1. Which ³J(HN,Hα) values, rounded to whole Hz and listed in residue order, are derived for the stretch 125-134 from phi using the Karplus coefficients 6.51, -1.76 and 1.60 in 6.51 cos²θ - 1.76 cosθ + 1.60 with θ = phi - 60°, glycine and proline given as x?
2. Going by average Cβ density within 10 Å per residue, which order do the peptides 119-131, 36-48 take, highest to lowest?
3. How many times 2.2 N^0.38 Å is the alpha carbon radius of gyration of the stretch 68-134?
4. State, as an integer percentage, the relative contact order of the stretch 41-102 based on alpha-carbon contacts under 8 Å between residues 6 or more apart.
5. What does the charge count near A112 come to, summing +1 for each Lys or Arg and -1 for each Asp or Glu among other residues with Cβ under 15 Å from its Cβ?
6. Taking θ as phi - 60°, what are the ³J(HN,Hα) couplings along the stretch 77-93 by the Karplus curve (6.51, -1.76, 1.60), each to the nearest whole Hz, with x for Gly and Pro?
7. Quick one: compute the contact order of the stretch 61-134, relative version, from alpha carbon pairs under 8 angstrom and 6+ residues apart, as a percent.
8. What residues have an amide H closer than 5 Å to that of W99, excluding those fewer than 5 places away on the same chain, when H is modeled at 1.01 Å from N in the peptide plane?
Amino acid sequence: MRTITAAFLLSAVMAPGYATAQSDCMSTTIYFELASSTLPRLGIDTLDALGRSVEGGAVVEIVGHSDAAEAGSGLTNLDVQRAAAVAAGFAADPARSGWSYRLSGADASRPAQATPTRVSEPLNRRADISICRN
């Protein structure tokens, strides 16, 4: 797994219906179109809701994934690009501050739905997000 450490100035929490929460941590998943790292509209809405619900500092772990078809087509950095798109989506609001980020890519090695080689699966084209308050 490749890891990139990034720091952005942000601030946020969690909105019901957008994520699951365990103690001071929350998690959610954002899905992407085939061969794309562009944050979809629903993903932007999810990040905005998260941003409004977290107060103070937080540590955010974002793991980008690709599906077997994308990996088989040589799209080797798409997983990290998806994680970076999510981090940039959080950072788009200048009102957010005090968050730190850990970005990584898992390519197609940890699928949500197992598939044969070169098979496209929308549930595997995702970024998993975990947010823990400081």
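1. Going residue by residue, I get 8, 8, 10, 8, 10, 10, 10, 10, 5, 6 Hz, with x marking Gly and Pro.
2. Working: 119-131: 20.1, 36-48: 16.3.
So the order, starting with the most tightly packed, is 119-131, 36-48.
3. Values: Rg = 14.1 Å, N = 67, 2.2 N^0.38 = 10.9 Å.
Working it through for the stretch 68-134, the quotient is 1.30.
4. Reported as a whole number, the value is 49 percent.
5. Numbers: positive: R82, R110, R125, R126; negative: D67, E70, D79, D107, E121, D128.
The answer is -2.
6. 9, 4, 4, 5, 5, 5, 4, 5, 5, 5, 4, 5, x, 5, 6, 5, 9
7. Working: 127 pairs, mean separation 38.3, N = 74.
Relative CO of the stretch 61-134 lands at 52 percent.
8. Long-range HN contacts for W99: L10, A58.
Rule-based calculations on the coordinates, nothing more; no lab input. As the structure is a computational prediction, the values presented were derived from the model and not from experiment. Reconstructed Cβ throughout: ideal geometry from the backbone, glycine too, with neighbour counts over all protein chains shown.
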